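Novice: Okay, here's the structure, questions in a sec.
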Amino acid sequence: MGRLVAIVGRPNVGKSTLFNRLTQTRTAIVDDMAGTTRDRQYGKVDWIGKEFSIVDTGGWVVNSEDIFESEINKQVQLAIEEADVILFVVDAMNGVTDLDDHVAEILRRSKKPVILVANKVDSNDWIYNVPEFYKLGLGDPFTVSASNGSGTGDLLDEIVKDLPEDDGEEERLESIPKFAIVGRPNAGKSSIINAFIGEDRNIVTDIAGTTRDSIYTRYNKFGFDFYLVDTAGIRKKTKVNEDIEYYSVIRSIRSIEASDVCILMIDATRGIEAQDVNIFSLIQRNKKGLVVCVNKWDLVADKSNESIRHFEQTIRQRFAPFTDFPIIFGSALTKQRIFKVLETAVNVYHNRNRIIPTSQLNTYMQEVIGAYPPPANKGKYIKIKYVTMLKESIIPTFVFFCNLPQWVKEPYRRYLENKIREKWDFTGTPVNIFMREK
Ligand code: GDP
Ligand code: GDP
């Protein structure tokens, strides 16, 4: 299961600089997929073979010096609820402030591993301020400089030491789809889960033998067999922090990471807002399958085709450039089309695992490339020789072999991807397009 590290601290101590520093090495590799933008607040780190996600809890709020204590409380509380390890960043140039004291007190009461990070120790001049931080009662401060990188290697060592061991839960799961239901507060996540499960608790069974609360429940009825991710978390949802929308984004990280396909619930009466896009972006970053469910359709007066088309268009525009995903209009309350949502999620799962036989793939792609060859670059002709799909890949991955892979630019890769999507059903799943030299 995914492991999550959260960065907390008052404004201007260097949280986002540290976030960038810690994620820097990895993002270049991870973001090979076309069209993904780098998140300022969420990233993945691979340190000596140990992988974790990291989130800057301050990154979603407008940073201002006069941030309210109540706001900090909520941020810290959220980190305690969601993260495996918390990095508490303080400013060594500034020394301890009242707000630092306050945060330290909340963190001391939690049972989560906390690493105290004294930032801005750019040179030894500032090291003399560091002993002051012992009084926060959180052990030895790690001295780092987020801007020049010093100390961050030791910090990463400490983080991976504190991360919980993998309890092997994922290995014990059967190879059936894992679906996560995500969305903003009040979009209808709990309602749709209740609609699936109903009163019949026997449909879902918790996975036995796990050390932590399992986030998977198995659903096996009406011809469906899959795991729902994090239903327990949704059912006993803490109403704390519900007022703050961006927390729902952080809350969905684990479920998204642990799933194959995400069902993104959108409230038809509210339309697409920034947090929907943020959650979508997490799904994209993790290369998960996607089904959009426009919920509360029962409340929408105008259900004409026109209105549906307009809705669909708006959603696809906001989620561009990835637009090839299904959108289902339904209602968790009246149960209208909720099984269609499940059916569609199952289809997306199959699309995600689809392998096109090499000969078929080459016959079609030769036509496609012949009709519109890659544009020559500085007088050099690019020749794509053949294409194959990787068998052991998490998502459909096409490898094109050609003489000058580095000259094949983004628009052409998008052309190839679009042609592939026209011919075969890869709806709802991202695909990789790689160029290799041959
Ligand atoms: P956040 O509000 O906690 O996310 O803080 P930022 O990362 O935005 O940093 C606040 C300010 O501190 C910016 O001007 C950064 O350039 C600066 N800063 C961050 N890390 C360091 C550091 O290690 N050394 C120094 N000298 N400045 C830093
Ligand atoms: P969650 O926060 O995403 O889990 O959302 P809930 O499932 O708790 O739903 C929030 C509110 O919207 C509740 O009052 C639900 O009864 C209501 N609701 C959920 N789905 C529908 C729907 O399809 N139609 C209508 N009319 N109300 C709904």
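Every number in this text was worked out from the coordinates using simple rules, so none of it is lab data. Just so you know, these numbers come straight off a predicted model, no measurement behind them. Neighbour counts are summed over all protein chains in view; Cβ atoms, including those assigned to glycine, are modelled from backbone coordinates with ideal geometry.
Novice: When the scattering of the range 99-166 is computed by the Debye formula from its Cα atoms alone, each counted once and equally, what is log10 I(q)/I(0) at q = 0.17, 0.28, 0.29 Å⁻¹?
Specialist: After summing over all Cα pairs, the log10 values are -0.67, -1.26, -1.28.
Novice: Treat the chain as a sphere of radius equal to its Kirkwood radius over Cα pairs and apply Stokes-Einstein at 20 °C in a medium of 1.002 mPa s; give the translational diffusion coefficient in µm²/s, rounded to a whole number.
Specialist: Estimated diffusion coefficient is 90 µm²/s.
Novice: Please identify the trypsin sites (Lys or Arg not before Pro) of the range 249-304 that satisfy two criteria: DSSP loop assignment and at most 14 other Cβ atoms within 10 Å. Which are they?
Specialist: Listed in order of number, the matching sites are Arg270, Lys303.
Novice: Sticking with this structure for a sec: Taking the beta-carbon count within 10 Å as an exposure proxy, list His310, His102 from fewest neighbours to most.
Specialist: The fewest-first ordering by Cβ neighbours comes to His310, His102.
Novice: Also, I was wondering about something else. Charges only on Cβ, +1 for Lys and Arg, -1 for Asp and Glu: so what's the dipole of the chain about the Cα centre, in debye to the nearest 20?
Specialist: Value, rounded to 20: 1920 debye.
Novice: Further question: What angle do you read, to the nearest 10 degrees and between 0 and 90, between the alpha-carbon axis of helix 338-352 and the longest principal axis of the chain?
Specialist: That works out to roughly 90 degrees.
Novice: Just want the ordering: Ser393, Ser175, Ser123, Ser53, from fewest to most Cβ atoms lying within 10 Å of their own Cβ.
Specialist: Ser175, Ser123, Ser393, Ser53
Novice: Fewest to most neighbouring Cβ within 10 Å: what's the order for Leu156, Leu390?
Specialist: With the fewest neighbours first, Leu156, Leu390 line up as Leu390, Leu156.
Novice: Let me ask something else about it. For the range 363-438, what is the Kirkwood estimate of the hydrodynamic radius, computed as the reciprocal of the mean inverse distance between distinct Cα atoms, to one decimal in Å?
Specialist: Hydrodynamic radius (Kirkwood, Cα pairs) of the range 363-438 is 12.9 Å.
Novice: Starting from the Cα of Lys221, step 7 Å along the direction of its Cβ; do the same at Gln360; then give the gap between the two resulting points in nm.
Specialist: According to this spin-label approximation, the distance is 3.6 nm.
Novice: If you don't mind, another one. Report the FRET efficiency, 1/(1 + (r/R0)^6), for Met93 and Ala320, where r is their Cβ-Cβ distance and R0 is 51 Å, rounded to 0.05.
Specialist: E(calc), rounded to 0.05, equals 0.75.
Novice: Between 0 and 90 degrees, rounded to the nearest ten: what's the tilt of helix 274-285 against the longest Cα principal axis of the chain?
Specialist: 70
Novice: For the range 321-337, what does the Karplus curve 6.51 cos²θ - 1.76 cosθ + 1.60, with θ = phi - 60°, yield as ³J(HN,Hα) per residue in whole Hz, taken in order and with x for Gly and Pro?
Specialist: Running phi through 6.51 cos²θ - 1.76 cosθ + 1.60 with θ = phi - 60° gives x, 7, 10, 8, 9, x, 10, 10, 9, x, 8, 5, 6, 8, 6, 5, 6 Hz.
Novice: By per-residue mean of other Cβ atoms within 10 Å, what is the highest-first order of 4-12, 93-101?
Specialist: 4-12, 93-101
Novice: Please identify which residues in the range 331-366 have an amide N closer than 17 Å to a label point set 7 Å out from the Cα of Asn194, following the Cα→Cβ vector.
Specialist: 331-336, 338
Novice: Hey, another quick one. Please express the Cα-Cα pair-distance distribution P(r) of the range 310-425 as a list of whole percents, one per 10 Å bin, running from 0 to the bin with the greatest distance.
Specialist: 11, 33, 30, 17, 6, 2, 0
Novice: Which residue, Thr17, Thr334, Thr217, has the most motion in a Gaussian network model of the chain that connects Cα atoms within less than 10 Å?
Specialist: Thr334
Novice: Sticking with the crude label model, points 7 Å out along Cα→Cβ, report the distance from Ser123 to Lys335 in nm, one decimal please.
Specialist: Rounded to a tenth, the inter-label distance reads 7.2 nm.
Novice: I need the peptides 141-150, 275-284 ranked by packing, meaning the mean over residues of other C-beta atoms within 10 angstrom, with the highest value on top.
Specialist: Put in order of decreasing packing, that is 275-284, 141-150.
Novice: If you keep only loop residues by DSSP, which GluC sites (Glu not before Pro) in the range 265-325 have at most 14 other Cβ atoms within 10 Å of their Cβ?
Specialist: Passing sites in the range 265-325 are Glu273.
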